[in-house]
Structures are given as structure tokens and as C-alpha cells.
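Right, one structure below, let's go through it.
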Amino acid sequence: MIKQILGKLPRKPSKPSSNDSNNDGGLHAHSSLNSSNGPSSINNSKLSSNSSKSLNTSSGASRLNNGSLVPNSKGNQGKKSAPQLGPLMTSGVYEALPSFRDVPNSEKHNLFMKKLNMCCVVFDFSDPSKNLKEKDIKRQTLHELLDYISTVTSKFNEIAMQEITRMVAANLFRTLPSMNHDNKILEMFDPEDEEPAMEPAWPHLQIVYDFLLRFVASSETDAKLAKRYIDHSFVLRLLDLFDSEDQREREYLKTILHRIYGKFMVHRPFIRKAINNIFYIFIFETERHNGIAEMLEILGSIINGFALPLKEEHKLFLLRALIPLHKPKRVSMYHQQLSYCITQFVEKDFKLADTVVRGLLKYWPMTNSSKEVMFLGELEEVLEATQATEFQRCMVPLFHQIGRCLNSSHFQVAERALFLWNNDHIRNLITQNHRVILPIIFPALERNTRGHWNQAVQSLTLNVKKIFSDADQEFFDECLVKFEEDEVKQMETREKRDLTWKRLEDVATSKVVSNEAVLVSKFISSAAIASGTSPRATAAG
């Protein structure tokens with residue numbers, strides 16, 4: 001008789017389940033609530049065991065009257081807990097739950113789980129006038145969760161970690177706007193000129209980011225357990241958010257990813273590889289990403305902690321990712337962080353200086369003056385950490401480039417190149433190798449002295465020449481004599497070239513009436529110039 005009655009119970013409408021369920025929304029909700037089922041459960045243990053077979057266990061979502069989504073509760077629909085903490089939904093209405101201060105300590109964990117489940121509901125912020133009450137309730141609930149996780153004194157169990165990461169994922173992981181990613185629009189779009197788009201859901205997102213940060217940094221979070229939920233997939237989706245146009249969001253992501261890298265040692269190689277892949281896509285495919293500066297800032301801290309000697313993996317990362325990051329047009333947006341990372345490598349291993357300098361020369365800008373100024377600034381930082389042996393390996397190609405910068409018509413480029421001699425370490429390196437360096441840059445220095453339009457550049461050039469003359473006056477004079485001799489030779493060559501062109505023009509002019517083609521070989525034109533006769537007469541003779 002009892003079996004027949006119990007068999008009929010699950011066939012009743014599920015209306016009481018929305019009022020009587022604990023609404024924890026987690027896969028392990030039963031285990032988290034069993035301890036709270038006191039005497040008032042009244043023989044519900046048998047009832048729940050029978051009725052659980054007919055419950056819907058799908059992980060979909062229910063819709064509230066306002067059109068927003070709320071995750072389905074997966075269990076406990078046949079149970080009642082002794083103290084009713086308040087339902088998540090009552091007739092489809094988004095209602096606030098009691099405060100943590102209003103429940104006994106034994107029920108705070110259950111309430112924490114319910115609030116997490118409640119905050120999985122995501123509202124539409126594109127319409128500021130929509131769901132104002134519900135949005136405010138969620139904001140207050142998120143603040144309560146933030147306070148709770150900051151003061152908790154017991155270790156988080158797996159169920160709590162699962163629900164925490166589920167709530168975080170529901171709120172943070174989303175598709176970012178794809179504007180300006182098209183190649184045609186990319187040419188016209190300049191992030192430095194455009195106003196960045198601000199995330200409309202930031203009032204909620206900020207609290208969720210704070211919550212995640214405190215969870216990761218909490219001493220109550222066991223990394224061995226948490227790594228099952230903050231896994232590779234979670235990290236990849238977190239990295240995807242770095243492309244957000246909202247600077248505030250990227251700052252939070254930078255801090256959180258750095259904490260994850262520090263706490264979860266097992267994820268470190270994966271995080272470095274994932275960032276590496278983002279750099280590759282940015283350098284060789286899109287040249288469009290908003291979070292390169294923040295990622296480089298994280299890497300700067302990571303590189304600073306590399307053990308010596310450096311692994312081959314880290315050296316390849318420098319060679320294949322960091323140095324090519326000088327190539328994109330918008331390097332100015334992240335150059336400060338990139339320069340810091342590069343310098344960290346050279347300070348860690350001085351033998352990398354030659355590799356870095358040659359990498360800079362490979363991507364040296366030809367027509368972008370502001371970019372040249374940045375490169376010269378980075379070059380100074382690298383050379384400051386360079387030893388004499390490594391300097392000698394790269395000084396010849398390096399000072400050929402510096403010589404071109406000294407003669408730049410853009411006064412800031414020439415001025416920045418001349419400022420290198422203000423650095424004591426670099427000046428000493430140059431002085432020690434002046435017999436190689438001075439012949440390379442002396443023509444540039446002399447031309448600046450004689451004819452550069454900017455007075456400041458002329459003054460700085462005279463100071464540099466004085467440094468060389470003080471170091472070795474005799475060799476300086478030799479360079480001056482050689483320069484004057486080369487100038488004379490160049491003038492003679494220029495005059496011969498002009499005379500050749502003049503005679504060719506005369507021959508062409510004499511043949512223009514008859515429309516007869518003129519063929520002048522190199523030998524004939526040279527002989528004509530030497531004898532002072534026309535190419536035609538030479539050919540006829």
C-alpha cells in the first residue's frame with residue numbers, strides 16, 4: 001500500500017519543487033546540503049531517493065519573466081532543509097536571498113552556494129532601463145559573496161570550487177565585439193586616436209573579477225584541488241578576454257593571470273606557450289590586439305624570475321616572439337613593456353646582447369621617425385647591459401645604422417642618437433673601440449657639423465667629435481684627412497657622371513630630327529669622355 005502511494009508522488013506537478021528546493025544549482029548539491037537536513041525532513045530520505053530518478057538533470061537554463069537566463073537546479077527538488085533560506089525563483093521572479101549575517105554559521109555554506117547559483121544569471125546591459133531592480137539585487141549579492149570569500153576561514157571544497165568557477169565563467173567568458181578586425185578597416189583604425197569602447201556590464205564584471213582575484217589569492221584555496229577547475233580551458237578563455245577594449249578589464253586580467261601563474265605551477269609552461277601563440281597571430285596575421293602591453297607586463301615579471309642558466313625554450317621565445325614584436329606598425333602601444341622584457345633577458349644572460357642588437361637592426365624602421373626614436377631608446381638600455389666582448393661582435397653593423405641616424409633630417413632622431421654618448425658605460429665601450437667605430441661614423445659627424453639645419457644637433461655633434469679627439473687626436477686627424485680625400489674623389493666621380501649624362505643628352509638631341517635610335521656602349525662613352533669627342537664620332541672612327 002505504501003509503495004503504491006509513493007509511486008504516485010513523482011507524478012504530481014513540479015510546482016512545489018520551485019518553492020521547496022534548495023536551488024544550489026550544482027552537480028554536487030546533495031552532498032553539500034545533507035548535513036542540514038534535520039528532523040524536519042520527515043521521512044524525505046525515501047521520497048527523495050525514489051523521486052530523484054524522474055528529475056530533469058539537464059544543464060540548460062530557465063527563463064525569468066524578464067527574459068534573462070537562469071541555470072536549472074539539478075537536484076534536491078524533493079528535499080526540504082530545516083531553515084528555509086529563501087528560494088532563488090518564486091513564480092519566475094529574481095529575488096534577493098538573506099544576508100550572511102541573518103543565518104547561523106552552519107547554514108552559511110549553503111547560502112554561499114545559493115548565492116553563487118543566483119549570480120549565474122546574466123543580464124542585458126545594452127538597455128540601461130531594463131531589469132534595474134534585478135541588476136541591483138545581483139550587484140548586492142556579488143558584494144556579499146566578495147565579503148564572504150574574503151573572510152572565510154575554512155578550505156574550499158571541490159563542490160564550492162566547481163560552483164565558483166561556474167559562476168565566474170557564466171559572467172566573464174563571452175564573445176567580445178569584433179569591430180575593427182577586418183583587414184580593410186585595420187588600415188584606417190588607429191587605437192591611439194579612437195576612443196576605447198567601455199564595457200556596459202562593468203558594474204557586475206568588476207565585482208566578479210574582484211571575486212576571482214580573491215579566490216585565487218586566498219590561502220583557503222588549495223591549488224591541487226583548484227587546478228581541476230582552473231584548468232587549461234579556463235586559462236585560454238581568460239587569455240581571450242585580453243582583447244577587450246576596456247582598459248579596466250585588462251588591468252584585472254593582468255593581475256589575475258599573474259596570480260594564477262604564481263599559484264598553479266603546473267600551468268606555467270602552458271600559459272607561456274598560450275601567450276606565445278597569441279603573439280604569433282598578432283605579429284604574422286592580424287597586427288590587431290588590445291592586450292599585448294598587459295601580457296608583456298606579466299612576462300616582464302616572469303622573465304625576472306627565470307633561473308640561470310636560461311633554458312633553451314626561453315631563448316627561443318626571445319628570438320621568435322619578443323624580437324619580432326618590433327615589426328608591427330603599432331609597436332608604440334606596447335614598446336615600453338617590450339623594451340623591459342628585452343632588457344631583462346640581456347641582464348640575465350649578457351651573451352644574448354649580440355642577438356638582441358642584430359634583431360633590432362633587422363626590424364629598424366626606415367621611414368618612421370617616431371619609431372626610430374623609440375628604437376634608439378631601447379638600444380641604449382640594451383647597450384647599458386652589454387659587456388665589451390658582445391659589443392665588439394655587433395659594433396660594425398650597429399654603428400653603420402647609428403651613422404645613418406646621426407645624419408637624419410628629423411632632428412629628434414639625430415639628437416637621440418647623439419645622446420648615446422651621454423651614457424658613461426656606452427661612451428667607454430665606444431672609446432675602447434674608437435679605431436673601428438670612428439671611421440664608420442666620422443663622415444656623418446663631419447656632415448652634421450658643416451650643414452645640419454638644427455643648431456642643437458650641430459652643438460651635440462661638436463661635443464661628440466671632441467670626445468673622439470680627446471681620446472686619440474692623431475687618429476682623429478687621420479680620419480679627417482681620409483674624409484677630405486673621399487670627398488674629393490666623390491666630387492670627381494660626380495662631375496664625370498654629370499659630363500656623361502650631358503654628352504648623352506647632346507647625342508640624343510642631335511638624333512631627335514631623324515628619329516634614329518642611339519646606342520652608346522659603356523666603352524664608347526668612356527672613350528668619348530676621355531677624348532672630349534662625341535660618342536658618334538668615336539664609333540665612326
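The values are calculated or read from the model by the stated rules, or taken from the named source; none is laboratory data. Everything quoted here is computed from the prediction, not taken from an experiment. Neighbour counts are summed over all protein chains in view; Cβ atoms, including those assigned to glycine, are modelled from backbone coordinates with ideal geometry. In case anyone asks, the SASA skips ligands and DNA or RNA and just uses the protein heavy atoms, side chains included. Shrake-Rupley method; radii C 1.70, N 1.55, O 1.52, S 1.80 Å.
Sequence gap at least 6, Cα distance under 8 Å: using those rules, report the relative contact order of the stretch 389-507 to the nearest whole percent.
That works out to 25 percent.
So what is the accessible area of the stretch 350-410 per residue, in Å², with the probe set to 1.4 Å?
For the stretch 350-410, the per-residue accessible area is 43 Å².
Mind putting a number on the dipole of the stretch 311-431 about its Cα centre? Charges go on the C-beta only, +1 for Lys and Arg and -1 for Asp and Glu, and I need it in Debye to the nearest 20.
Working: 15 positive and 13 negative charges, 104 e Å.
Dipole of the stretch 311-431, to the nearest 20 debye: 500 debye.
How large is the accessible surface per residue of the stretch 446-517, computed with a 1.4 Å probe and reported in Å² as a whole number?
72 Å²
Which is farthest toward the positive dipole end of the stretch 221-275 among Phe264, Leu239, Tyr229, measuring Cα position about the Cα centre, with Cβ charges +1 (Lys, Arg) and -1 (Asp, Glu)?
Phe264
Within the stretch 207-280, report the GluC sites (Glu not before Pro) that DSSP leaves as loop and that have at most 14 other Cβ atoms within 10 Å.
Hits after loop and neighbour filter: Glu220.
By its C-alpha gyration tensor, with a ≥ b ≥ c as the square roots of the eigenvalues, how is the stretch 182-341 shaped: rounded for a/c under 1.5, else prolate for a/b larger than b/c, else oblate?
Note, shape of the stretch 182-341 comes out oblate.
Please compute, for the alpha-carbon atoms of the stretch 389-507, the extent along each of the three principal axes and give them in descending order in Å.
60, 28, 26
In square angstrom, what is the accessible area per residue of the stretch 222-298 with a 1.4 angstrom probe?
Numbers: 3300 Å² over 77 residues.
Computed with neighbouring chains in place, this is 43 Å² per residue.
Determine the distance separating the Cα centre of the stretch 253-268 from the Cα centre of the stretch 207-227; give it in Å without decimals.
So the separation of the two Cα centres works out to 11 Å.
Can you find, among Phe476, Leu420, Gln432, the residue sitting farthest towards the positive end of the charge dipole of the stretch 389-507, where Lys and Arg contribute +1 and Asp and Glu -1 at Cβ?
About the Cα centre, the residue reaching furthest to the positive side is Leu420.
Taking θ = phi - 60°, what integer Hz values does the Karplus form 6.51 cos²θ - 1.76 cosθ + 1.60 yield along the stretch 402-412, in sequence order, with x for Gly and Pro?
3J(HN,Hα) across the stretch 402-412, in whole Hz: 4, x, 5, 5, 4, 8, 4, 6, 7, 4, 5.
Rounded to whole Hz and in sequence order, give me ³J(HN,Hα) for the stretch 476-484 from the Karplus expression 6.51 cos²θ - 1.76 cosθ + 1.60, θ = phi - 60°, writing x for Gly and Pro.
Here the 3J(HN,Hα) series is 4, 5, 4, 5, 5, 4, 5, 4, 5 Hz.
Could you tell me the center-to-center distance, by alpha carbons, between the stretch 346-396 and the stretch 436-461 in angstrom?
21 Å
Would you please give the residues with an amide H less than 5 Å from that of Val122, counting only those at least 5 places away or on a separate chain, with H modeled from the backbone geometry?
HN-HN under 5 Å from Val122: Leu69.
Counting Lys and Arg as +1 and Asp and Glu as -1, each charge on the Cβ, what is the dipole of the stretch 389-507 about the Cα centre in debye, to the nearest 20?
360 debye
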